[in-house]
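S.K.: This is the structure I want to talk about, given as structure tokens.
Each value in this text was obtained by applying a stated rule to the coordinates, not by laboratory testing. Source: prediction; values computed, not measured. No Cβ is skipped: glycine too gets one built from the backbone with ideal geometry, and neighbour counts run over all protein chains shown.
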């Protein structure tokens with residue numbers, strides 16, 4: 001029962017480098033999203049997708065790109081890493097329309113990114 | 001989505017009940033109360049949700065006041081493994097399009113002591 005899988009778990013980047021955080025879910029969820037979590041702050045939404053081919057910006061989208069070519073995958077790309085992007089990143093997924101009384105949001109285990 | 005207010009931290013003795021409060025005075029009629037927890041270095045994990053009635057599952061109980069302006073998450077017999085940050089959020093359950101409006105806040109850091 002894999003759920004939401006993120007890779008890599010840890011990554012160190014130099015300023016200006018680019019990289020992709022991978023996220024995959026095996027629950028056939030339409031909705032997927034990326035959050036970042038910084039000390040002293042709550043989860044903040046970066047980008048989200050309501051289905052394959054559809055993406056939109058969240059609260060803090062600058063410096064990040066996403067795509068959704070399949071239902072299962074939702075990669076997050078850092079275009080030119082900056083120290084301000086040092087954070088823990090979480091991918092999440094859920095059904096778009098409620099399954100019964102509610103649609104639970106499932107989170108991955110997180111990806112720790114340090115930009116030096 | 002409505003904003004929630006939670007105490008920043010709480011302590012509980014192992015084996016005792018942990019009662020975590022949450023205020024959501026501006027909750028709308030179609031918004032559910034959800035509780036998640038985040039154990040250190042892990043992703044948030046769903047615990048329970050409810051609309052009006054009290055709810056219980058294998059992890060916890062949720063008590064919602066009659067006016068729905070506040071709720072309490074109860075861990076009946078807290079263990080050391082329940083030490084985590086607990087988040088109370090309110091959201092329209094049936095439409096994930098509203099997920100983008102969620103305000104997660106900082107939650108309550110619960111320390112279960114031996």
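S.K.: When Cβ neighbours within 10 Å are restricted to other protein chains, what is their mean count per residue of peptide B:32-45?
M.R.: On the way: counts 4, 0, 3, 0, 4, 0, 5, 0, 0, 5, 5, 15, 10, 3.
Shielding by partners across B:32-45 averages 4.
S.K.: As a test, work out the antiparallel percent of DSSP beta bridges whose residues both lie in chain A, rounded to the nearest 5.
M.R.: Restricted to chain A, the bridges split so that about 90 percent are antiparallel.
S.K.: With viscosity set to 0.692 mPa s at 37 °C, what whole-number translational diffusion coefficient in µm²/s follows for chain B from Stokes-Einstein and a Kirkwood radius over Cα pairs?
M.R.: Details: Rh = 14.1 Å.
Stokes-Einstein gives a translational diffusion coefficient of 232 µm²/s.
S.K.: Need the C-alpha centroid separation for the stretch A:48-116 versus the stretch B:10-45, integer Å.
M.R.: 23 Å
S.K.: Another one. In a Gaussian network model over chain B where Cα atoms closer than 10 Å are linked, find which of B:70, B:25, B:41 has the largest mean-square fluctuation.
M.R.: B:41
S.K.: Would you mind classifying the stretch A:1-45 by shape? Square roots of the alpha carbon gyration tensor eigenvalues, ordered a ≥ b ≥ c; an a/c under 1.5 is rounded, otherwise it is prolate if a/b is larger than b/c and oblate if not. List each step's numbers first, then the result.
M.R.: Working: a/c = 2.24, a/b = 1.41, b/c = 1.59.
Verdict is oblate for the stretch A:1-45.
S.K.: Evaluate the Kirkwood expression for the hydrodynamic radius of the stretch A:1-93, namely the inverse of the mean inverse distance over all pairs of different C-alpha atoms, and round to one decimal in Å. Before the final figure, lay out each step's value.
M.R.: Values: mean 1/r = 0.0746 Å⁻¹.
Hydrodynamic radius (Kirkwood, Cα pairs) of the stretch A:1-93 is 13.4 Å.
S.K.: GNM, chain B, Cα, under 10 Å: largest mean-square fluctuation among B:81, B:16, B:91?
M.R.: In this elastic network of chain B, the residue with the biggest mean-square fluctuation among B:81, B:16, B:91 is B:81.
S.K.: In nm, to one decimal, how far is the modelled label at residue B:80 from the one at residue A:20, with both set 7 Å along Cα→Cβ?
M.R.: 4.3 nm
S.K.: Starting from the Cα coordinates of the protein assembly as shown, work out the convex hull volume and express it per residue in Å³.
M.R.: Numbers: hull volume 27.5 nm³, N = 230.
Expressed per residue, the convex hull around the Cα atoms of the protein assembly as shown is 119 Å³.
S.K.: Also, quick follow-up: Given the options B:52, B:69, B:101, which has the most mean-square fluctuation in a GNM of chain B, springs set between C-alpha atoms less than 10 angstrom apart?
M.R.: Result: B:101 has the largest fluctuation of those listed.
S.K.: For Cα pairs less than 8 Å apart in space and 6+ apart in sequence, what is the mean separation divided by the residue count of chain A, i.e. the relative contact order in percent? Could you put the intermediate results ahead of the total?
M.R.: Working: 299 pairs, mean separation 40.6, N = 116.
That works out to 35 percent.
S.K.: Only Cα pairs under 8 Å and at least 6 apart count here; give the relative contact order of chain B as a rounded whole percent.
M.R.: Values: 283 pairs, mean separation 42.5, N = 114.
Normalised by residue count, the contact order of chain B is 37 percent.
S.K.: Something else: Quick one: if you stick a label point 7 Å off each Cα along the C-beta vector at residue B:41 and residue A:52, how many nm between them?
M.R.: 3.7 nm
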